[in-house]
Amino acid sequence: MVTLIERYRSFLPVTDATPALTLGEGNTPLLRARQLEQQLGCRLFLKVEGMNPTGSFKDRGMVVAMSLALERGAGSVLCASTGNTAASAAAYAAASGLRCTVVLPAGYVAPGKLAQALVYGARIVAIDGSFDRALELAREAAERSGAELVNSVNPFRLEGQKTAAFEICDTLGRSPDVLALPVGNAGNITAYWKGFREYREVGKTGNLPMMWGFQAEGAAPLVNGAPVDHPQTVATAIRIGRPARGNEALAAARDSGGLLAAVSDEEIMEAYRLVASCEGVMCEPASAAPIAGLLRRVRTGHDLSGLTVVAVLTGNGLKDPATALASFTEPETVPAELSAVLRALAATA
Ligand SMILES: *Cc1c(COP(=O)(O)O)cnc(C)c1O
């Protein structure tokens, strides 16, 4: 197995002294989405980041940040998280023999993510406050304690995350015309934009994509142009009111000729069901935001035909079964009889 770090070594801040760490991150599928294409009119690919070892793109950045923390002799790592950073940090810390502490907004972390952090052995601090407050506290605690902060304010996280842009170019033979993704703390859009630019510098792609970032309406500080004190959205992974990389995200959208736009929770949930039922990919609600954004653009009269679009499905839908079940009525229990199964077959035929 060629690891992510080995494959893109020349683009990463690693040396021969950097410990070789991997859980099998990266190299995720880029799937053609032919059913959704019919609704959108563009050529559409899904970058399925939920296939990473802990089920989100955070693993790309975490493997680099954790390797470098190990190299520097750190004993413990710390992060604030809406859930996926915690799951990822906890897993890579476990594999590295490092202690891991995560600070979470109590009540707003999808149960699968919380379960992961617990099982991987992290120490969990659930605060009565938002993600933004958790990050503030984690930054301060890292400074006082000497623990390594592994949020995306850590530059090594973005170095790892930019490899997803490389993979897309390697598969397509060029950059897409549009890279659509959800935006929360804005680390990922910053990382992708960096990755595409670096690849163009070395001639691995001739073009650069427009960066289309989507926030949830109840947590859209970059679209509104002002911080949001009490962000609210079903997409808990992007329930963030003060994005740490907000200025970089605005620059990426501007410099790429792209955009930052908001989508409603209803649109997110519609897209979430659509991508699963049309394409067989169950992502988490936040990951459906770019699909919702593309649908909204088409419905409001934008023509996407002729464009090659990559939508980043940032996390695995299994992390948030509660949201999945809440959006359907529970199947009715029937007698254990052949007739019941035949009736169901006839009804769905
Ligand atoms: C972290 C995360 C995001 C948001 O990424 P940022 O880098 O914070 O903008 C989106 N979706 C999922 C599933 C995530 O875990």
- request: Working carefully through the options Ala164, Ala186, find the one that is within 12 Å of the ligand (Cβ to nearest atom), in contact with a Lys or Arg (Cβ under 7 Å, 6 or more places away or on another chain) and over 24 Å from Asp265 (Cα atoms).
  value: Ala164
message: Leu172 - would you say it is away from the ligand (no atom under 13 Å from the Cβ) and either outside the structural domain of Pro227 (by TED's automatic domain parsing) or crowded, with 22+ Cβ neighbours inside 10 Å (or both)?
response: no
field: Filter result for Ala74 (in a loop (DSSP other than H, G, I, E, B), open to solvent by 10 Å² or more (accessible area, probe 1.4 Å) and touching a strand residue (DSSP E or B) at 6+ places or on another chain (Cβ under 6 Å))
entry: yes
- request: Could you pull out every one of the helices (runs of 4 or more DSSP H) wholly within the stretch 114-199 that has 2 or more residues that are touching a helix residue (DSSP H, G or I) at 6+ places or on another chain (Cβ under 9 Å)?
  value: 155-161, 163-172
- prompt: Which residues, counting only those in the stretch 35-49, are within 16 Å of the ligand (Cβ to nearest atom) and either under 16 Å from Leu274 (Cβ atoms) or assigned to a loop (DSSP other than H, G, I, E, B) (or both)?
  reply: Leu46, Val48
query: Can you tell me how many residues in the stretch 309-343 are among the β-branched types (Val, Ile, Thr), in a loop (DSSP other than H, G, I, E, B) and buried (at least 24 other Cβ atoms within 10 Å of the Cβ)?
result: 1
Within the stretch 134-172, considering residues that are among the basic types (Lys, Arg) and touching a Gly at 6+ places or on another chain (Cβ under 8 Å), the one farthest from Val14 (Cα to Cα): Lys162
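The values are calculated or read from the model by the stated rules, or taken from the named source; none is laboratory data. These numbers come from a predicted model, not from an experiment. All Cβ positions, even for glycine, are placed from backbone atoms using ideal geometry, and neighbour counts span all protein chains on display. Just so you know, the surface numbers come from the protein's heavy atoms only, side chains and all, with ligands and any DNA or RNA stripped out. Shrake-Rupley method; radii C 1.70, N 1.55, O 1.52, S 1.80 Å.
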